[in-house]
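Asks: Pasting in a structure now, in structure tokens, and then I'll have a few things to ask.
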Amino acid sequence: MDTNTAGVEQTANTGQLPGWDAVDEQVLEAYRRNRESTDGVVADYIPILGAVDPELFGVSVAEVDGGVHVAGDADVEFSIQSISKAFVYALVAEEFGHDEVGERVGVNNTGLPFNSVIAVELNGGHPMNPMVNAGAIATTALMPGATAAEKWEHIRSGLSAFAGRQLQMDGVVYGSEAETNQRNQAIARLLQSYGRIDGDPLEMVDVYTRQCALLVSARDLAVMGATLADGGVNPVTGNRVISADVCRDTLSVLASTGLYERSGEWLFDIGLPGKSGVAGGIVTVAPGKGAIGTFSPRLDSAGNSVRGQRATAYLSRALGLNIFASGVHGSIDGNKQGSTP
Ligand code: DON
């Protein structure tokens with residue numbers, strides 16, 4: 001992955017964020033150093049997504065104390081798409097618990113694209129993980145609610161609790177995807193044939209399509225992620241959304257599967273759990289510290305925002321977020337790399 005971080009020193013992970021002004025300055029710098037890039041292409045397999053202004057670019061960091069930093073178009077709304085999978089999974093895990101949801105939906109990477117049909121076949125009908133479309137549709141089907149409408153309402157209100165405000169669905173994005181999502185319908189039918197989906201498969205795809213069309217901003221994503229960084233309490237509203245155990249489980253799933261077949265590269269370059277969406281959003285979580293939300297519509301070939309990945313890689317280094325980046329014990333600033341023998 002081209003992270004555009006040449007010359008940016010990796011700051012060791014000290015367990016806390018630097019002070020407010022330093023974070024503010026680095027958020028601005030992450031925006032500035034990637035603003036001019038035009039790499040990648042906007043998704044258009046959902047036709048309306050192709051109509052977005054590709055120049056939009058927003059970066060935000062929310063801290064676990066409730067402070068939020070923003071740069072660029074951080075308050076422009078876009079559809080959450082696959083990033084919804086992370087938060088719907090958390091709501092379902094809260095309901096069913098570690099073992100059952102782990103068994104029914106799975107936690108292992110497929111190594112294949114997010115909309116793969118063959119992944120379901122290769123794994124005997126098991127959806128494998130909640131971040132690919134098969135696992136996400138199966139997860140949505142597990143949401144509490146006797147009807148599709150009740151499940152949808154639980155999802156809308158649950159994701160709103162993560163964001164700390166009432167999220168609205170974009171009816172045009174929903175309509176555009178609903179008319180063209182035959183592939184997701186096929187995946188749901190395939191899961192049904194293996195006895196791996198509860199309820200009417202096409203109704204469950206419809207609820208899933210609605211959840212993907214919820215509108216968020218980069219700022220919202222940062223707050224939603226900071227709720228996962230803060231043991232399940234939204235740091236802005238102070239309300240508990242999920243348990244700390246579910247946060248831990250959700251973040252471990254994101255670490256291995258959040259960027260699909262690029263998850264290994266992502267962890268190698270950025271060292272944090274994250275989740276991307278085809279409208280151009282990415283949320284990245286630094287447990288115990290906060291979260292990064294980015295928005296930029298041009299994507300790489302795996303469907304991940306190019307400038308979003310680069311801004312996140314910069315912030316991971318500059319703010320010392322990478323969970324694998326230790327310093328030498330007892331060094332004054334916690335950031336000495338030690339000498340090579
Ligand atoms: O199901 C779909 O194809 C879309 N609603 C979501 C896909 C997505 O966001 C993949 N992310 N990078």
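The values are calculated or read from the model by the stated rules, or taken from the named source; none is laboratory data. Here the structure is a predicted model, which is why all the values come from computation and not from measurement. Neighbour counts are summed over all protein chains in view; Cβ atoms, including those assigned to glycine, are modelled from backbone coordinates with ideal geometry. Just so you know, the surface numbers come from the protein's heavy atoms only, side chains and all, with ligands and any DNA or RNA stripped out. Shrake-Rupley method; radii C 1.70, N 1.55, O 1.52, S 1.80 Å.
Asks: Points 7 angstrom from Cα along the Cβ direction at SER193 and ARG165: gap in nanometres?
Replies: 4.5
Asks: Applying a 10 Å radius around every beta-carbon, put 254-260, 223-229 in order of their mean neighbour count, most first.
Replies: Packing order, densest peptide first, comes out as 223-229, 254-260.
Asks: Taking 0.36 nm per residue of separation and subtracting the Cα-Cα distance, what length does fully extending LEU215 through THR147 add?
Replies: My answer for the length gained is 22.2 nm.
Asks: Before rounding to the nearest 500, sum -39500 (n - 2.57) across all DSSP H runs of length at least 4 in the chain and divide by the residue total; then give [θ] at 222 nm in deg cm²/dmol.
Replies: The helix contribution divided over the chain gives -13000 deg cm²/dmol.
Asks: Compute the distance in nm between two label points, each set 7 Å from the Cα along the Cα-to-Cβ direction, one at VAL76 and one at GLU9.
Replies: Here the modelled spin labels are 3.4 nm apart.
Asks: Follow-up. Consider a paramagnetic label point 7 Å from the Cα of GLU55 along Cα→Cβ; state which residues of the stretch 67-88 have an amide N under 16 Å from it.
Replies: Only 72-74, 76 fall inside the zone, counting backbone N under 16 Å.
Asks: Excluding ligands and nucleic acids, what accessible area in Å² is computed for MET1 using a 1.4 Å probe, to the nearest 10?
Replies: MET1 has an accessible surface of roughly 70 Å² with all protein chains in place.
Asks: Further question on the same structure: Over the heavy atoms of TRP20, what accessible area does a 1.4 Å probe trace out, to the nearest 10 Å²?
Replies: Accessible area of TRP20: about 120 Å².
Asks: Considering the options VAL61, ALA119, GLY175, tell which one lies farthest towards the positive end of the dipole of the chain, charges being +1 on Lys and Arg and -1 on Asp and Glu at the Cβ, about the Cα centre.
Replies: The listed residue farthest towards the positive side: ALA119.
Asks: Only residues of the stretch 262-283 count here: report those whose backbone N is under 18 Å from the spot 7 Å along Cα→Cβ of ASP2, or say none.
Replies: In the stretch 262-283, the label zone of ASP2 (backbone N under 18 Å from the point 7 Å along Cα→Cβ) covers 265-266, 269-270.
Asks: Ordering ARG165, ARG240 by accessible area with a probe of 1.4 Å, largest first, what comes out?
Replies: ARG240, ARG165
Asks: Explain nothing, just the number: dipole magnitude of the stretch 20-318 about its Cα centre with +1 on each Lys and Arg Cβ and -1 on each Asp and Glu Cβ, in debye rounded to the nearest 20.
Replies: With Lys and Arg at +1 and Asp and Glu at -1, about 280 debye.
Asks: Sticking with the crude label model, points 7 Å out along Cα→Cβ, report the distance from ALA22 to VAL117 in nm, one decimal please.
Replies: Each label point is offset 7 Å from its Cα along the Cβ direction, giving 5.2 nm.
Asks: A further question follows. Would you check the accessible area of HIS154, probe 1.4 Å, heavy atoms only, in square angstrom rounded to 10?
Replies: Result for HIS154: roughly 90 Å² accessible.
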